[in-house]
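One structure is given here, and the rest of the page talks about it.
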Amino acid sequence: MRIAITVNTSWNIYNFRSGLIRVLLAQGHTIIAVAPKDEFSQRLIDMGCIYRDVTMNNTGSNPIKDLKLYTQLKTIYREEKPDIIYQYTVKPNIYGSMAAKSLSIPVINNVSGLGTVFLNKGITPRIAKLLYRQAFQKVELVFFQNQDDRKDFTDQIKLPRLKTKLLPGSGINLSEFKSEQELVTTPFTFLMIARLILDKGIIEYLDAARELKKTHPEVTFQLLGQLDEGHARGLSASTLQTYIDDGSVSYLGTSDQVKATIEPCSCVVLPSYREGTPKTLLEASAMSKPIVTTDVPGCREVIIDGQNGYLCMVKNTTDLQKKLEKMLSLDHDTLVEMGEAGRKLVEKKFDESIIINHYLTETYKILS
């Protein structure tokens, strides 16, 4: 088969879809990676993919730019002639579906989280929902990563004939993400990994860190993730700098060696407002780290409250602070048990092979 995989960044394809791509390549299929060019594009080529560059504005809605995206994708799909297309993230899902349908190419879309389109109100979310309705009318299948997302999507974008299934995220490579050392709790280190936008709960984490440092000066709060000041909900560099300057947080910038950053930490934190299935929490749990996250769709899928971590209330700095203090109060053996419980949960529900098998099964059904 010729399979196109279209996403909003090459980084996303490489970091979240490499396992699927390797299995497909090993079976003799041709993979066409379609995404904007970045430092990970060459890695996709090195894996054995055909790479096609596409210009994509990932923030905002500009009709002229979006029309150009549709035209680019249609040209690529016409030239590459894929038998089926896997699409991820908002604009590939919408404009890629329109392009594919104009060429009668079957599509599997993955809605990996409803994000700002469903969290916020206004003209842009309304337009996006109308576009979703138009684009998804004739797609073969849409994977959702949790039941809440599927229900909210189908309630708000009424397409009675839309075929949907649940998929437990992008999965996790359990042999790659496995801790090589015992949990380190002295000094205790909290770590948050996320793109630095407000909907990830970044302000709640920074404020909780600032307060806790007053009573627990020995505790370290780390932050790993890319600033995105161009995003409408992006954290400004100047705001982040105030927390760095007063010693509340250690900003680690960005890294493609996430495992090495998770390894020495004691607990991973994600106070997000909503997720699909957060990859960082899967990686942390696979590495036997306790977690603290919000009781919202997506995040709650990766935790059994009190067993492998704690749930906190969304948009609530005080409750987040209480749960972090609760984590600090636990003895070393209890923290280790929590981490081990997280590893077992991931092994049971989120093994990457589960996701790959779903894709292969559904692809063969569609093409047969």
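The table for this structure:
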quantity	calculated
Of all residues making up the stretch 304-343, the number that are touching a Phe, Trp or Tyr at 6+ places or on another chain (Cβ under 8 Å) and open to solvent by less than 80 Å² (accessible area, probe 1.4 Å)	6
Failed item, numbered, when residue 190 is tested on (1) under 25 Å from residue 235 (Cβ atoms); (2) surrounded by fewer than 17 Cβ atoms within 10 Å (Cβ to Cβ)	(2)
Number of positions in the stretch 41-68 that are among the hydrophobic types (A, V, I, L, M, F, W, C), surrounded by 14 or more Cβ atoms within 10 Å (Cβ to Cβ) and at pLDDT 95 or above	5
The stretch 74-112, residues that are farther than 20 Å from residue 29 by Cβ and open to solvent by less than 30 Å² (accessible area, probe 1.4 Å)	89, 91, 93, 94, 95, 97, 99, 111
Inter-residue pairs, beta-carbon under 6 Å, first in a helix (DSSP H, G or I) and in the stretch 75-96, second surrounded by 22 or more Cβ atoms within 10 Å (Cβ to Cβ) and not aliphatic (A, V, I, L, M), 6+ apart	92/6; 93/87; 93/109; 96/6; 96/87
Checklist (1) open to solvent by 10 Å² or more (accessible area, probe 1.4 Å); (2) modelled with pLDDT under 95 applied to residue 245, failing item	(2)
Hits in the stretch 123-136 (condition: open to solvent by 70 Å² or more (accessible area, probe 1.4 Å) and without any contact (Cβ under 8 Å) to a residue 24 or more places away in the chain)	123, 126, 130
Positions within the stretch 156-172 being within 20 Å of residue 16 (Cα to Cα) and open to solvent by 50 Å² or more (accessible area, probe 1.4 Å), in sequence order	165, 166
Selection from the stretch 206-253 of residues that are among the polar types (S, T, N, Q) and touching a strand residue (DSSP E or B) at 6+ places or on another chain (Cβ under 7 Å)	220, 222, 226, 248, 250
Those residues of the stretch 300-318 which are in a helix (DSSP H, G or I) and of a type in the set (Val, Ile, Thr), in sequence order	302, 317, 318
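The values are calculated or read from the model by the stated rules, or taken from the named source; none is laboratory data. All values derive from a computational prediction rather than experimental measurement. With ideal geometry, Cβ positions are generated from the backbone for all residues, glycine too; neighbour counts draw on all protein chains shown. With ligands, DNA and RNA removed, areas are computed over all heavy atoms of the protein, side chains included. Shrake-Rupley method; radii C 1.70, N 1.55, O 1.52, S 1.80 Å.
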